[in-house]
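To start, the structure under review is shown below, and the notes come after it.
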Amino acid sequence: MWFKNLKVFRLSPTWQPSTEEFETLLQKQAFQAGQFSSEPLNLGWAPFFDEEGTLIHKVGRHYLVKLVVEKKLLPASVINQFAKAKALEVEEQQGYKVGRKQMKEIKEDVTAVLRTKAFSIYRETRVWFDLDNHWMIVDAGASSKSDEVIGTLAKVLDPLPILSYMTEQSPTSSMTSWLLDETAPDSFTIDQDTELKSMTDSRISVRYANHSPEHDELSKHITAGKTCTRLAMTWNDRVSFVLNDAGDVRRITPLDVLAESRENLNSDDAIEHFDAEMTLMFGELNALLNDLTDALGGEKKQ
């Protein structure tokens, strides 16, 4: 139920739409199954809860929305096979070989026809808008998914109120210093999952899983030109996560100290229970992000 991965962005403080205003804008890009153009993906906003029917699920001053992506299963080998067969037919009709430009047109036509018959796969990406603290959080581990979210929002929000989130110190240099100094920042502890990569050749890396490397060993790797690109940490004994070199907060897990609070959220109504769980998550993750920002030297002014 909690977000598992955080791609973190800032919202312009002046962007304060009402639920109705934001809903109207998102409806312009509502998801419709099977609505493919020339693009291989069909994207749009879908109701966060089917029983509510609205695209936005509101919890206090927080908006939750869901981007649905439909992709056709259409391997390149299948396209090439049908295009080759079609090219042979065209050659017989016109009496000479198909040229490069004509072959490209045949492939495009074949792709358009096959796409209407191909099976679809669907995936969802959840997005959290915090209007008071000015965060936009995408629950995604890959940048491509957050790019899809921002690209789809850009079609209905003008100007786009989304800003990059940058800290004074880079996550890589900070994580490397914490390891080298054997000192975690205030409110955090360092856990047993670390990855070091060469600054000159990204193919060279060392990973420690469920194991804390000896300080001398770490020093040798860092002296040899490696930096920390992924580090498992725990915040206030409440939430564990992995910080990476892009500043993404991944593999979020609420710990046992929150178990009692979560047990008290029980409700017979599924949506009421969800809202209570999200309210707890909003508070914990907002505090975590604020402390992490401080640990990284504060936020850069934009």
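The values are calculated or read from the model by the stated rules, or taken from the named source; none is laboratory data. Only a predicted model underlies this, so the values are computations on that prediction, with no experimental measurement involved. Virtual Cβ from ideal backbone geometry, glycine too; neighbours counted across all protein chains shown. Calculation scope for accessible area: heavy atoms of the full protein, side chains included, ligands and nucleic acids excluded. Shrake-Rupley method; radii C 1.70, N 1.55, O 1.52, S 1.80 Å.
Here are the numbers for this structure:
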quantity	calculated
In segment 1-45, residue farthest from Gly298 (Cα to Cα) [restricted to those that are without any contact (Cβ under 8 Å) to a residue 60 or more places away in the chain and of a type in the set (D, E, K, R)]	Glu39
Neighbours by Cβ (under 9 Å, 6+ apart or cross-chain): first from segment 90-116, free of Cβ contacts under 8 Å to residues at least 60 places away in the same chain and among the acidic types (Asp, Glu); second in a helix (DSSP H, G or I) and open to solvent by 50 Å² or more (accessible area, probe 1.4 Å)	Asp109/Lys86
Single unsatisfied condition, Ala83 versus (1) touching a residue at least 60 places away in the same chain (Cβ under 8 Å); (2) open to solvent by less than 60 Å² (accessible area, probe 1.4 Å); (3) assigned to a helix (DSSP H, G or I)	(1)
Matching residues in segment 250-269 - criterion: being modelled with pLDDT of 85 or more and hydrophobic (A, V, I, L, M, F, W, C)	Ile252, Leu255
Output for segment 145-164, where each listed residue is part of a helix (DSSP H, G or I), open to solvent by 70 Å² or more (accessible area, probe 1.4 Å) and free of Cβ contacts under 8 Å to residues at least 12 places away in the same chain	Asp147
Of residues in segment 219-254 being among the charged types (D, E, K, R) and not in a strand (DSSP E or B), the one most open to solvent (accessible area, probe 1.4 Å)	Lys220
Residue tally, condition among the polar types (S, T, N, Q) and under 12 Å from Leu11 (Cα atoms), over segment 126-173	2
Residues that are assigned to a loop (DSSP other than H, G, I, E, B), touching a strand residue (DSSP E or B) at 6+ places or on another chain (Cβ under 7 Å) and not hydrophobic (A, V, I, L, M, F, W, C), drawn from segment 165-218	Tyr165, Ser187, Asn210, His211, Ser212, Pro213
